[in-house]
Amino acid sequence: MEIKNICCIGAGYVGGPTMAVIADKCPNIEINVVDINEQRIKDWNNIDLKKLPIFEPGLDKIIERCRGKNLHFSTDVKLNISIADLIFISVNTPTKTKGRGAGQASDLKWVDASARIISQYAQGETIVVEKSTLPVKTAETIKSILQTSNHKDEKPESLSKKFYVLSNPEFLAEGSAIDDLINPDRVLIGGDEPKAIQALSNIYRNWIDESKIITTNLWSSELSKLIANAFLAQRISSINS
């Protein structure tokens with residue numbers, strides 16, 4: 001599969017910098033970062049680079065090089081999903097404030113909403129990549145939403161839709177996110193479909209050595225991210241002690 005157009009749902013701390021680096025390293029790929037938050041998109045498009053919604057050393061220079069060329073920020077979610085070959089889900093997953101698991105479990109309403117809108121507007125073969133920090137097996141939920149919604153719609157164009165779900169967790173540290181993206185310790189890709197994994201791997205190979213690109217199955221990739229977070233939390237706790 002050749003990726004010519006990428007859409008990232010979520011213009012936050014992970015989505016914005018990650019897509020900026022991919023745009024910088026892959027000038028042949030069109031990248032659209034979308035968000036329903038109009039003010040956030042206005043901030044990303046601000047002529048004054050000091051007013052970008054996120055400050056990370058080196059981010060402003062990348063935005064200056066790529067914005068308006070192959071990197072675009074927009075609120076038109078439906079249009080950019082419809083033209084994308086690969087879609088990153090990079091939305092917030094806050095802790096639930098009510099209901100079962102309140103105060104502990106992640107609230108996946110934005111992930112679910114993203115999957116539903118993708119199932120409705122995506123065309124042809126589409127790779128869907130979870131980039132947010134999520135509970136193990138969330139990819140299975142996304143896959144289920146995409147498949148179920150697809151079967152409910154019996155229009156001819158929906159029958160030609162096909163989705164491949166991948167997990168590609170981020171390992172960014174505040175203050176060094178751009179360097180972490182350009183020179184990562186590893187890139188982890190989890191999935192069940194070899195050609196989809198290969199397509200995402202090919203994007204990263206534009207600037208990352210192949211030995212650092214690790215592939216596994218979906219739930220192992222999700223679990224690795226949670227383990228990394230737990231290990232970091234324990235290190236900080238031990239240092240503080």
Look through LEU181, LEU188, LEU159 and report the one residue that is open to solvent by less than 20 Å² (accessible area, probe 1.4 Å) and either closer than 27 Å to SER82 by Cα or at pLDDT 90 or above (or both).
-> LEU188
Within region 30-59, can you find the residues that are in contact with a Phe, Trp or Tyr (Cβ under 7 Å, 6 or more places away or on another chain), part of a loop (DSSP other than H, G, I, E, B) and hydrophobic (A, V, I, L, M, F, W, C)?
-> LEU52, ILE54
With respect to the numbered conditions (1) farther than 20 Å from LEU181 by Cα; (2) in a loop (DSSP other than H, G, I, E, B), which one is the sole condition not fulfilled by TYR13?
-> (1)
Give me a count of the residues in region 55-78 that are in contact with a Pro (Cβ under 9 Å, 6 or more places away or on another chain) and crowded, with 20+ Cβ neighbours inside 10 Å.
-> 3
All positions within region 162-171 that are within 13 Å of the chain's Cα centre (by Cα) and not polar (S, T, N, Q) | VAL165, LEU166, PRO169, GLU170, PHE171
Specify the residue that is nearest to THR138 (Cα to Cα); the eligible residues are those in region 167-223 that are of a type in the set (A, V, I, L, M) and without any contact (Cβ under 8 Å) to a residue 40 or more places away in the chain.
-> ILE189
Number of the exception - PRO27 against (1) assigned to a helix (DSSP H, G or I); (2) of a type outside the set (Asp, Glu); (3) touching a Cys at 6+ places or on another chain (Cβ under 9 Å) | (1)
Which of the residues that make up region 219-240 are surrounded by 12 or more Cβ atoms within 10 Å (Cβ to Cβ) and charged (D, E, K, R)?
-> GLU222, LYS225
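The values are calculated or read from the model by the stated rules, or taken from the named source; none is laboratory data. Since we're looking at a predicted model, the values are computed, not measured. Backbone-built Cβ (ideal geometry, glycine too); neighbour counts: all protein chains shown. Keep in mind that these areas ignore ligands, DNA and RNA; they rest on the heavy atoms of the full protein, side chains included. Shrake-Rupley method; radii C 1.70, N 1.55, O 1.52, S 1.80 Å.
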